[in-house]
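The values are calculated or read from the model by the stated rules, or taken from the named source; none is laboratory data. The shown structure was predicted, so the numbers you read here are calculated from the model rather than taken from an experiment. Here Cβ is always computed from backbone atoms with ideal geometry, including for glycine, and neighbour counts include all displayed protein chains.
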Amino acid sequence: MANKTAGALALSPEQGLSRYLSEIRKFPMLSKDEEFMLAKRWREHEDTEAAEKMVTSHLRLVAKIAMGYRGYGLPMAEVISEGNVGLMQSVKKFDPDKGFRLATYAMWWIRASIQEYILRSWSLVKLGTTAAQKKLFFNLRRMKSEINALENAQLQPEQVSHIAEKLNVSEKDVISMDGRMSGSDASLNTPMGAEGDMEWQDWLADEEPNQADEFARTQEFDARMQLLGEAMADLSEREHHILTERRLSDEPKTLEELSAVYGVSRERIRQIEVRAFEKLQKAMQKKAREQGLPSGH
């Protein structure tokens, strides 16, 4: 399906991000009835023209979501391109008979595709694999915003200490991660557009609550929590407890602490954790596929 809709993405972000963002605004939005009929044409007849219309009408959604992932040191054009891949996958699997709009469903796939791309790219610079390091990776910018440190060229010692304590990581890890993530931040007022009459901030989501977005986020959270709960139920009591304490807790327990609880070695706790996590991943991916949802996130 991706090859069949390639024509819809002829305006590649790589050819000029400013021009691309301007051009995708020209594609018309679809009414609920138009979207339903196009989706039926694709599912029942594999009508590629219908699929292309669904894709192009949602390119702005991809761009808006992608802008939320600035600051990871990756080219925004590539982030948008990855989001477009997720969009095309969502169109391929979208079932209009379930009663919700494509945008609600596509958000899952777009975010999953972008986040997987970010993690793949950052693994090249040894992001780290512990729960604490991943927590730092995805929360550092939020923490800096809370203490008004986003505009600083370098974190102050007291700010480093505050973040390290809140996220339960070492100050060295905070300094290292901040150095890697702060190099590509751009001003929200950077001029864009052929006439310079647009700014980056024009593409950010409105700060006011949006009913459709709030509904989609609630649906996504509830669905994933249900998947997690069902998958966790398949674990043994010991696996459930160890995985929860090691990976799902705001303040993860150490191997040493859990080894004392169960009277086994630290290595044995680590083995149980790894096995439990692998079982959980497989179970959630299976359940997600059964429900027609993206399994990676």
**Q.** Matching residues, the stretch 44-89, being in a helix (DSSP H, G or I) and more than 21 Å from G16 (Cβ to Cβ)
**A.** E44, H45, T48, E49, A50, A51, E52, K53, M54, G86, M88, Q89
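Listed here are the residues, each with its yes/no results for (1) outside the structural domain of G68 (by TED's automatic domain parsing); (2) at pLDDT below 80; (3) in contact with an Asp or Glu (Cβ under 8 Å, 6 or more places away or on another chain).
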| site | (1), (2), (3) |
| --- | --- |
| K135 | yes, yes, no |
| F138 | yes, yes, no |
| R142 | yes, yes, no |
| L150 | yes, yes, yes |
| A153 | yes, yes, no |
| V160 | yes, no, yes |
| I163 | yes, no, no |
| E171 | yes, no, no |
Q: Report yes if G86 is on the phi > 0 side of the Ramachandran plot and either modelled with pLDDT of 75 or more or out of contact with any Lys or Arg (no Cβ under 9 Å at 6 or more places or on another chain) (or both), otherwise no.
A: no
Q. Among the residues of the stretch 1-32 satisfying the criterion of being at pLDDT 90 or above and under 21 Å from K92 (Cβ atoms), which is nearest to the chain's Cα centre (by Cα)?
A. I24
Q) What are the pairs, 6+ residues apart or on separate chains, where a residue within the stretch 142-157 that is farther than 17 Å from R70 by Cβ has its Cβ under 7 Å from a residue that is surrounded by 13 or more Cβ atoms within 10 Å (Cβ to Cβ) and modelled with pLDDT under 80? A) L155/A149; L155/D178
Q. Can you find a residue in the stretch 254-271 that is outside the structural domain of S90 (by TED's automatic domain parsing), modelled with pLDDT under 90, hydrophobic (A, V, I, L, M, F, W, C) and not in a helix (DSSP H, G or I)?
A. no
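Every residue, every condition in (1) modelled with pLDDT under 90; (2) outside the structural domain of D178 (by TED's automatic domain parsing); (3) buried (at least 22 other Cβ atoms within 10 Å of the Cβ), yes or no:
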site: H58; (1), (2), (3): no, yes, yes
site: M76; (1), (2), (3): yes, yes, no
site: S81; (1), (2), (3): no, yes, no
site: T104; (1), (2), (3): yes, yes, no
site: I118; (1), (2), (3): yes, yes, no
